[in-house]
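The values are calculated or read from the model by the stated rules, or taken from the named source; none is laboratory data. Treat the numbers as computed from the prediction; the structure is a model and nothing was measured. We place every Cβ from the backbone using ideal geometry, glycine too, and count neighbours over all the protein chains shown.
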Amino acid sequence: MFRRFVPLLIALVPFAAEAATLTVKVENIGAKGGTLSLSLYDEASWSKDSDAPLASANVPAVAPETTVTLTDIKPGIYGVKAFQDANRNGKFDQNFLGLPLERFGFSRDARPFLSAPGFDRTKFVVVDGVNEITIHLQ
């Protein structure tokens, strides 16, 4: 009699969503080295400077290409911001006009126009398992 209920019990056991891995290949790293700073955001946190990224990494910037892997990412829609902190001061340096002094990039290679691109221009889907994107620094 118990055998009849086993398939029902198995069907009722919730299966946890697999955690995703996101590998970001960042190209056009400058020869100055420093640190590559990479941050992952969802739409709600994208344009809020006060919000912490959902995941981030700071790794040595190795020219011409550095690869960063973020683990345990919940599947969803995200955008990535990256910059090469050549002087290792922990911030994205700009001149007095607000123009970048360090290399930077966004997912989907979105280009800024007077300000950082909006989330819609940078968004991509992360699914269960392994995901990969490439960003070319400007």
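A few points about this structure:
- Qualifying residue in the stretch 41-53 (condition: touching a Pro at 6+ places or on another chain (Cβ under 6 Å) and either part of a loop (DSSP other than H, G, I, E, B) or in contact (Cβ under 8 Å) with a residue 12 or more places away in the chain (or both)): yes
- Of all residues in the stretch 111-126, exactly one satisfies the criterion of being in contact with an Asp or Glu (Cβ under 9 Å, 6 or more places away or on another chain) and over 12 Å from Ser47 (Cβ atoms), namely Lys123.
- Residue within the stretch 79-91 that is part of a strand (DSSP E or B) and among the charged types (D, E, K, R) present: yes
- Test: Phe92 is on the phi < 0 side of the Ramachandran plot, surrounded by 13 or more Cβ atoms within 10 Å (Cβ to Cβ) and of a type in the set (Phe, Trp, Tyr): yes
- Complete set of residues in the stretch 95-135 that are polar (S, T, N, Q), out of contact with any Gly (no Cβ under 9 Å at 6 or more places or on another chain) and within 23 Å of Glu65 (Cα to Cα): Asn131, Thr134
- Any hit, the stretch 4-13, residues being under 15 Å from the mean Cα position of the chain (by Cα), surrounded by fewer than 16 Cβ atoms within 10 Å (Cβ to Cβ), modelled with pLDDT under 95 and not small (Gly, Ala, Ser): no
- Qualifying residues in the stretch 56-85 (those that are surrounded by fewer than 19 Cβ atoms within 10 Å (Cβ to Cβ) and small (Gly, Ala, Ser)) - the one farthest from Gly34 (Cα to Cα): Gly76
- Test: Glu132 is modelled with pLDDT of 95 or more and surrounded by fewer than 12 Cβ atoms within 10 Å (Cβ to Cβ): yes
- Contact annotation: residue pairs with Cβ atoms under 8 Å, 6 or more positions apart or on different chains, pairing a residue in the stretch 119-131 that is under 11 Å from Ile73 (Cα atoms) with a partner that is assigned to a loop (DSSP other than H, G, I, E, B) and of a type in the set (A, V, I, L, M, F, W, C), are Asp128/Ala17; Asp128/Ala19.
- Val62 vs. criteria aliphatic (A, V, I, L, M), under 14 Å from the mean Cα position of the chain (by Cα) and modelled with pLDDT of 95 or more: no
- Residue in the stretch 14-43 that is surrounded by the most Cβ atoms within 10 Å (Cβ to Cβ), counting only those that are touching an Asp or Glu at 6+ places or on another chain (Cβ under 7 Å), farther than 14 Å from Thr134 by Cα and at pLDDT 95 or above: Ser37
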